[in-house]
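Encoded as structure tokens, the structure appears first; notes follow it.
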Amino acid sequence: MTLLQEMQLYIGFGSADAEALAALLPHARPHFEAFTEAFYAAVLSHPNAHRAITGGPTQVTRLRRTLEAWMEEGLQGPHDEAWFARRARIGRMHVRISLPQQYMFTAMNLIRRGLQHVVAEAFEGEARLRTQDAVDRLLDLELAIMLHTYREDSETKMRTQERLATIGHVSTSIAHELRNPLGVIESSVYLLRRRLAPLAKPVAKHLDRIEGQVRSSANIITDLLEMARSRSALRVHTSIEPLVRETIEQMQEASRAAQGVPIHHEVPPGLVAKVEPGLLARALANLLDNAVAAVAAGGAIAVRVWKDEHGLHICVEDEGPGFEEAILEQVFEPLVTGRAKGVGLGLALVRRICERHGGEVHAQNRIEGGARVIMSLPSGPEAS
Amino acid sequence: MRCTVLIVDDNESLAENLAELLEDEGFDTRIATNGPEALELLDGLPSPRLLLTDVHMPGMNGVELLKKASSEHGLRAIVITAYAHDDLLAEAERGGAAAVLTKPLDLDALTRLCTDVCGCSE
């Protein structure tokens, strides 16, 4: 028995219901627009649900069309495996945009009520009862499918968590062990510089190169070890402008790739926020590192910072090719990378650092081209 | 008076590199690759002296060594660790470490620190 058959059996949804719903469709269709209106008004009135819809009015228009088609298909049937697969896909989209399920439930009830009103107006006697039952069973089935997609998602998340925990244990001990040989290379290069001074240009070039590579290896290790830490950020009042400026300067000093790239920053003078400065600088450095790689073929990078009633926002934009659409939703997952080089830790750590500040991070592609990442950190426990 | 630094690290190459670096800066150095060996060397070590030890070593770890060295020999110590574990760092500080450094090491900072700590010891 398939999952759909099992659900239908449990709910008692049968061919009589399908017939009743098909008969309801011509009566209900003229009301779809009003239902959709009420549905999204309800969704958008909850700040948490609203936050899930990041695409603004264009996305809402698209979602409304989807909902109208969804109602049409729900009443029309056939309620077969292909129908189930399409339902589950829509459900997964809700999961992907992190629409909290309680909002989805209450909004679905609006549709149930709307349809029942139509039934009450359009049918009488036996037919009314039969159609009312059919609407209830259909909506129960729809909810069961939605719940299934949410559960599927949390199971996937749990499996990923377990996998990461195992990888985490192994990789943190490897990371620690690697610091020792790196330390030997680093100190040997340091001593070589002294022994060979004054350095011939080609010798200096290679020593620079070894040092640069040792530094990036050390950074990967630091990222990995930071990923494994779980304590929340130790927040102190921090002047943001110097932190941003110094992070950019250090980046341009340490990385040859960053040297030719114009990196502008726009921070309100005197802006102070409660953050853990080391962690925030690390997150910003990781974003800049990605942005620098993205504009390798030319283009500029901009860092903008502002503060509002929600907290501190740090936005990094580049004029590169943007994120690959296929991985846009997952760029902050560990081990996901759009770069040929790289292990996919940089952005995962950015998210980790935001979470450790009680905040979040979002990635998008800019309409004018290039990527945009915004870190949002709520103000600390006391106003700053 | 030259200060003698006792370098303890189970990674011999790193210990030798640190020794070479510090000798450049005018320190005398000794190397041990574990805690018991370090304690043995300490007995005959002239003053002023300084212990520079890694934390994670098989057998006696660096924090245990540090506690013994500072209680029995009144030795000042700098502790180096690849693990930025907060509790371990706190323990090293409580155990009397003059400083705790995490790897990767800033070698300029390390030599400055050795000079400072040696200057105000014994």
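The values are calculated or read from the model by the stated rules, or taken from the named source; none is laboratory data. Note that the structure is a prediction, hence the values are computed from the model and not measured. Every residue, glycine as well, gets a Cβ built from its backbone with ideal geometry; the counts of neighbours run over all protein chains shown.
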Any hit, segment B:52-70, residues being within 14 Å of chain A (Cβ to nearest Cβ), crowded, with 21+ Cβ neighbours inside 10 Å and closer than 21 Å to A:LEU234 by Cβ: no
Test for A:ALA197: is it over 18 Å from B:SER13 (Cα atoms), without any contact (Cβ under 8 Å) to a residue 24 or more places away in the chain and within 14 Å of chain B (Cβ to nearest Cβ): yes
Candidate set: segment B:19-46, residues that are touching a strand residue (DSSP E or B) at 6+ places or on another chain (Cβ under 8 Å), assigned to a loop (DSSP other than H, G, I, E, B) and away from chain A (no Cβ under 13 Å); chosen: the one surrounded by the fewest Cβ atoms within 10 Å (Cβ to Cβ): B:PRO46
In segment B:74-85, the residues that are surrounded by 15 or more Cβ atoms within 10 Å (Cβ to Cβ) and either touching a Cys at 6+ places or on another chain (Cβ under 9 Å) or away from chain A (no Cβ under 14 Å) (or both): B:LEU75, B:ARG76, B:ALA77, B:ILE78, B:VAL79
Filter pass, A:VAL189 being assigned to a helix (DSSP H, G or I), within 12 Å of chain B (Cβ to nearest Cβ), touching a Ser or Thr at 6+ places or on another chain (Cβ under 6 Å) and surrounded by 15 or more Cβ atoms within 10 Å (Cβ to Cβ): no
Subset tally (residues that are closer than 11 Å to B:SER70 by Cβ and either buried (at least 18 other Cβ atoms within 10 Å of the Cβ) or within 14 Å of chain A (Cβ to nearest Cβ) (or both)) for segment B:93-112: 3
Answer from A:GLU68, A:GLU126, A:GLU72 - the residue that is surrounded by 14 or more Cβ atoms within 10 Å (Cβ to Cβ) and either of a type in the set (Val, Ile, Thr) or assigned to a helix (DSSP H, G or I) (or both): A:GLU68
Filter result (modelled with pLDDT of 90 or more, under 25 Å from A:VAL350 (Cα atoms), touching a helix residue (DSSP H, G or I) at 6+ places or on another chain (Cβ under 8 Å) and hydrophobic (A, V, I, L, M, F, W, C)) within segment A:196-249: A:LEU243, A:VAL244, A:ILE248
Residue that is nearest to the other protein chains (Cβ to nearest Cβ) [pool: residues in segment A:149-177 that are surrounded by 17 or more Cβ atoms within 10 Å (Cβ to Cβ) and among the hydrophobic types (A, V, I, L, M, F, W, C)]: A:ALA175
Any hit, segment A:363-380, residues being on the phi < 0 side of the Ramachandran plot, at pLDDT below 90 and either in contact with a Gly (Cβ under 8 Å, 6 or more places away or on another chain) or assigned to a helix (DSSP H, G or I) (or both): yes
Qualifying residue in segment B:97-114 (condition: of a type in the set (Val, Ile, Thr), touching a residue at least 24 places away in the same chain (Cβ under 8 Å) and within 17 Å of B:ALA19 (Cα to Cα)): yes
Matching residues in segment B:8-18 - criterion: being free of Cβ contacts under 8 Å to residues at least 60 places away in the same chain, buried (at least 20 other Cβ atoms within 10 Å of the Cβ), within 10 Å of another protein chain (Cβ to nearest Cβ) and within 13 Å of the chain's Cα centre (by Cα): B:LEU14, B:ALA15
Residue identified as under 20 Å from the mean Cα position of the chain (by Cα), farther than 26 Å from A:THR160 by Cβ and surrounded by fewer than 17 Cβ atoms within 10 Å (Cβ to Cβ) among A:PRO262, A:PRO321: A:PRO321
Only one of A:ARG231, A:ARG215, A:ARG235 that is in contact (Cβ under 8 Å) with a residue 60 or more places away in the chain, within 14 Å of chain B (Cβ to nearest Cβ) and among the basic types (Lys, Arg): A:ARG231
A:PRO198 within 30 Å of A:VAL272 (Cα to Cα) and over 23 Å from the mean Cα position of the chain (by Cα): no
Flag if A:THR131 is touching a helix residue (DSSP H, G or I) at 6+ places or on another chain (Cβ under 6 Å) and within 14 Å of chain B (Cβ to nearest Cβ): no
Selection within segment B:105-122 - among the polar types (S, T, N, Q) and modelled with pLDDT of 85 or more: B:THR111, B:THR115
Checking A:LEU280 against (1) touching a residue at least 60 places away in the same chain (Cβ under 8 Å); (2) assigned to a loop (DSSP other than H, G, I, E, B), the condition it does not meet: (2)
